Amino acid sequence: MDQDHINKRSFKRIFLLMWVLVVAGFVLMGALFAYVARTKMPDTEELENPEFEVSTIVYSSDGVEIDRYFSKNRQWVTFRDLSPNLVDALIATEDHRFFTHSGIDASGTARAFAFLGRRGGASTITQQLAKQFFTPSRSRNPFVRVWQKMKEWVIAVEFERRYTKEEIIAMFLNKFDFIYNANGVGAAANVYFGKDQSQLSVDEAAVLIGMLKNPYYFNPVRNAERALQRRNIVLRQMYRNGYLDAEAFETYKAVSMDMSRFKRSENYSGLAPYFMSEMKKTIRMLMDEEGIRKPGGENYDLDVDGLKVYTTIDTRYQRHAEKAMLDHMRTLQKTFLEHRKNSDPWTYQREETSREVRDATLKGLVEQTERYEKLRRRYLSEPIEELVSQIEGARFYNIDIRRCLQAEKDSRYLDGLREQGMISMDQKNIYTEVLNHRDWLRLKKAWQDLEAATEKSFREPCRMEVFTYDGPAMMEMSPLDSIKYMAMHLQLGSLGMDPKNGHIKYWVGGIDYRHWKYDHVTSNRQVGSTFKPFVYTAAIQSAYSPCFPVQDIQYTIPAADRNFGLMESWSPKNSRGEFSGEEVTLKEGLRQSLNSVSVWLMINLESVNKVADVAERMGISRDKIPPFPSIALGTPDLSVYEMTAAYSTFANNGIYSQPVFIDRIEDRSGMTIYQSKPSQKDAISPTHNYAMVDMLRYAGSSISHEIKSDFGGKTGTTNDHVDGWFMGITPHLVSGTWVGGDYPWIRFLHIGLGQGAVMARPFFVHLMKAIESDPEINLDLTATFPIPQDMDIELDCEKYKALRIKKLREDELHDEFNEL
């Protein structure tokens with residue numbers, strides 16, 4: 001047998017063997033495919049309802065997106081709303097036979113096997129979608145990866161059976177993580193280009209589609225040159241597959257990549273961050289109260305359920321308010337630091353708050369820091385774990401350790417806590433057991449080491465980022481000094497409300513949400529003289545005229561007075577400690593905020609209840625009004641939120657409007673699941689209310705030349721100049737503002753700087769000027785507070801005085817006639 005014949009037979013055998021292997025491979029592949037399809041498929045419901053975490057979008061009343069709630073920042077975009085530029089770039093680059101295959105591209109798969117992936121991958125868009133949902137982590141083990149690939153094929157086929165091609169594209173682009181808190185192409189367009197995805201140009205769409213290959217490697221922020229090259233590859237694919245002509249390809253390829261509008265999305269990083277934070281709590285509470293649930297009965301999750309919240313906030317008002325806050329507080333803070341440069345609030349000897357309280361507060365602030373938490377874990381974790389494992393019910397917060405230390409020194413200390421109701425008998429027994437345990441000495445030593453380490457760590461200077469009004473700045477200071485520095489900043493809380501319907505137009509809860517999360521709109525502070533209009537309203541309702549004269553002298557409510565039942569006599573002074581002795585009208589008394597007039601009114605009203613009734617009708621909870629005559633001077637602790645709503649009554653013809661800041665909420669499909677219902681009630685008669693409006697106009701007359709709108713206002717200042725207030729009313733907007741420190745010793749030392757007229761009122765002036773000059777808002781400057789048709793209260797004090805003199809003369813003549 002010649003060699004050629006042998007070679008031919010060998011070739012046939014090899015060829016036959018290859019075919020057998022190929023057929024066996026296909027049979028095995030088919031068997032595996034069938035096995036995976038039968039046993040390893042995801043749940044049917046998972047395929048029909050794949051899980052998407054979609055961010056909740058919050059909109060303003062003027063149709064602008066304010067911000068989002070999310071665990072993953074994703075905005076759902078339907079195929080119908082997708083930019084054609086994105087769809088074209090996707091198909092051209094990732095799967096140009098997408099509309100002709102059934103989930104698996106046979107020719108692409110064969111090519112990938114033949115060239116071991118060197119001439120393009122085999123994954124279709126549908127397979128990539130399956131991978132995102134069910135095999136997101138690519139295994140490096142080749143056998144595991146083959147298994148994963150089989151699952152992707154099976155799931156891809158199932159996806160194709162259950163969804164249209166358009167739905168698959170939408171799901172894929174909505175699911176992909178573009179990093180930087182940009183989940184899905186809708187969020188990515190906003191994060192990288194500052195625009196809606198529907199507005200993306202071809203070259204911008206190509207950048208995002210280019211990132212699908214690897215969002216880190218081809219990231220336009222981190223790797224601009226690499227991303228530009230990838231973008232151009234996408235554009236070339238669009239040209240090759242007929243989505244761009246040659247001229248358009250060259251044009252877009254020449255466009256530079258502009259990332260100037262890139263802004264990483266963070267929770268509450270946009271407008272109204274304090275509002276966003278407070279509203280989230282409100283929505284959760286509201287849904288519980290209203291019984292609002294998903295169709296299956298589960299609670300809605302604002303971070304993942306893709307709701308749309310439509311609010312009453314107006315971004316134009318909000319922007320003006322935030323700018324007015326920054327402008328005013330920058331100047332006020334500079335004045336404050338200059339004022340206190342030689343009287344450190346933390347050590348000042350003549351401060352009303354004791355040094356012990358201030359030191360304890362500072363220590364508490366230290367213990368809230370991440371730096372301290374790391375030290376605490378290092379020193380205390382082991383001894384605490386040992387004691388907790390041996391003593392049932394034991395806990396070791398810092399207060400518990402300090403109590404144990406104090407109990408070592410004073411055998412009666414724990415009994416004293418028990419008698420005061422601060423600890424239970426069980427807790428006392430646990431403390432006693434801890435003190436008697438052999439490991440207590442180890443914890444005590446660790447605590448002492450922690451204290452020493454904290455002292456050292458927080459006093460060593462280092463470079464750190466701190467807040468300034470010109471932006472974050474790096475400064476060399478010790479961590480302790482940085483805590484003092486931050487706490488030395490005055491804060492502002494302000495709320496703007498439409499008095500006619502209760503809609504909240506702006507919400508400013510502090511000077512910088514990133515550094516101070518505490519909201520000063522909803523927090524309670526003593527309101528000072530801004531409470532006095534409630535006293536005056538009660539007086540007007542009791543037939544006192546705004547022009548009624550009262551002598552400016554010191555008045556006293558004696559102890560055991562039957563109307564007030566005080567334990568001690570009460571004789572308050574005016575804020576400046578002086579009395580003129582002259583007669584002043586009620587109108588003038590309110591303008592000058594004279595305590596003497598307010599005390600005289602309280603005495604003659606003969607009841608705290610009359611004032612409390614007025615405040616309650618104006619939306620203030622009676623529980624927050626102390627049953628003492630001192631409320632006439634503003635002792636109640638109330639919030640900016642409550643005070644703004646109450647003053648809206650004056651601006652709305654005596655009708656109280658309950659505040660509203662959520663208009664409606666829609667679910668992901670656009671169905672309304674909550675609709676607000678306006679709530680109003682008559683609080684003050686129109687005639688009495690207009691008398692108060694006139695008095696508030698007069699009280700605010702010192703700044704009337706700066707504001708074009710019809711307006712009134714009242715300042716407020718509390719004891720020791722801790723709190724400064726201003727309440728302003730116009731026909732269109734009621735604005736309540738508080739300014740002060742987070743701690744009572746962060747204050748001005750004299751009333752010249754610490755009064756509401758300096759601390760809070762300038763913000764209102766800045767704001768109103770901006771609103772009145774904004775052509776988009778187009779405020780009606782001719783609007784006035786309505787005068788009731790049956791207005792029978794004389795507001796002209798000259799006329800009132802003449803009528804009163806005439807009446808007195810008539811009474812004298814009448815008396816003389818009777819004597820005759």
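Pairs over the 25 Å Cα-Cα cut-off, from the set Lys165/Lys308; Lys308/Lys677; Lys428/Lys624; Lys263/Lys374: Lys165/Lys308; Lys428/Lys624; Lys263/Lys374. For Lys131, the aspartates and glutamates whose Cα falls under 12 Å of its own Cα, not counting residues fewer than eight places away in the same chain, are Glu152. Each of Glu776 and Leu435 was given a label point 7 Å from its Cα along the Cα-to-Cβ line. The distance between the two points is 6.5 nm.
A viscosity of 1.002 mPa s and a temperature of 20 °C, combined with the Kirkwood radius over C-alpha pairs in the Stokes-Einstein formula, give segment 448-562 a diffusion coefficient of 107 µm²/s. Could you work out the percent of alpha carbon pairs in segment 264-396 separated by over 18 Å, rounded to a whole number? Percent of Cα pairs beyond 18 Å in segment 264-396: 78. Annotation note: chymotrypsin sites (Phe, Trp or Tyr not before Pro) in segment 246-324 located in DSSP loop regions with a Cβ neighbour count of at most 15 within 10 Å are Phe262. Here Thr556 and Ala783 are evaluated by their C-beta separation; at R0 = 45 Å the FRET efficiency comes out at 0.50. For segment 730-740, the Karplus equation 6.51 cos²θ - 1.76 cosθ + 1.60, evaluated at θ = phi - 60°, returns couplings of 9, x, 9, 8, 10, 10, x, 9, 10, 9, x Hz by residue, with Gly and Pro reported as x. With r defined as the distance between the Cβ atoms of Arg330 and Glu408 and R0 fixed at 35 Å, what FRET efficiency is calculated, to the nearest 0.05? With a Förster radius of 35 Å, E is 0.10.
At full extension, Asp258 and Arg377 could sit 38.3 nm farther apart than now, given 0.36 nm per residue minus the alpha carbon distance. What is the Cα centroid distance between segment 582-656 and segment 244-322, reported in whole angstrom? Rounded to whole Å, the Cα centres lie 40 Å apart. The angle separating the long axis of helix 3-39 from the principal Cα axis of greatest extent in the chain is about 30 degrees. Compared with the dominant principal axis of the Cα atoms in the chain, helix 595-605 is inclined by about 80°. Relative to the longest principal axis of the Cα atoms of the chain, the long axis of helix 224-240 makes an angle of roughly 60 degrees.
Over segment 279-343, with the other protein chains present, what is the accessible area per residue in square angstrom, probe 1.4 angstrom? Per-residue value: 50 Å². Taking the Cα centre of the chain as origin and assigning +1 to Lys and Arg Cβ atoms and -1 to Asp and Glu Cβ atoms, the resulting dipole is close to 4180 debye. If the segment from Lys681 to Glu356 were pulled out straight at 0.36 nm per residue, it would be longer than the present Cα-Cα gap by 112.2 nm. What shape does segment 175-215 take by its C-alpha gyration tensor, where a ≥ b ≥ c are the square roots of the eigenvalues and a/c under 1.5 counts as rounded, a/b above b/c as prolate, and the rest as oblate? Verdict is oblate for segment 175-215. Averaged per residue, segment 454-550 has 35 square angstrom of accessible surface, using a 1.4 angstrom probe with ligands and nucleic acids left out. When the Cα gyration tensor is reduced to axis lengths a ≥ b ≥ c, the ratio a/c is 1.5 or higher for segment 348-469, and with a/b not above b/c it is classed as oblate. The length gained on full extension between Met474 and Ser71, counted as 0.36 nm times the residue separation minus their Cα-Cα distance, comes to 142.1 nm. Which cysteines does the chain leave without a neighbouring Cys Cβ under 4.7 Å? Singleton cysteines: Cys404, Cys462. Here the accessible area is traced with a 1.4 Å probe on the protein chains. For the chain, carbon and sulfur cover 50 percent of it. If you take the square roots of the eigenvalues of the alpha-carbon gyration tensor of segment 530-631 and sort them as a ≥ b ≥ c, do you get rounded (a/c under 1.5), prolate (a/b over b/c) or oblate? Oblate is the answer for segment 530-631, as a/c is 1.5 or above yet b/c matches or exceeds a/b.
For segment 189-222, chymotrypsin sites (Phe, Trp or Tyr not before Pro) are listed when DSSP marks them as loop and at most 16 other Cβ atoms sit within 10 Å of their Cβ; the list is Tyr216, Tyr217. Summarising the overall dimensions of the chain from its C-alpha atoms, the Rg and Dmax are 36.4, 167 angstrom.
In percent, rounded to a whole number, the relative contact order of the chain is 11, using alpha-carbon pairs under 8 Å and six or more apart.
Calculated FRET efficiency, Asp481 to Thr282, Cβ-Cβ distance, R0 = 41 Å: about 0.65 to the nearest 0.05. Over segment 619-735, accessible surface divided per residue gives 35 Å², non-protein components excluded, 1.4 Å probe. Of all DSSP-defined beta bridges confined to the chain, some 90% are antiparallel rather than parallel. Among the protein heavy atoms, those of His766 account for about 90 Å² of accessible surface (1.4 Å probe, every chain in place). Along the axis of the charge dipole computed for the chain (Cβ charges of +1 for Lys and Arg, -1 for Asp and Glu, origin at the Cα centre), the listed residues Ala539, Ser389, Ala452 are led at the positive end by Ser389.
The values are calculated or read from the model by the stated rules, or taken from the named source; none is laboratory data. What you see is a predicted model, and the numbers here were worked out from it, not measured in a lab. Cβ: placed from backbone, ideal geometry, glycine included. Neighbour counts: every protein chain shown. In case anyone asks, the SASA skips ligands and DNA or RNA and just uses the protein heavy atoms, side chains included. Shrake-Rupley method; radii C 1.70, N 1.55, O 1.52, S 1.80 Å.
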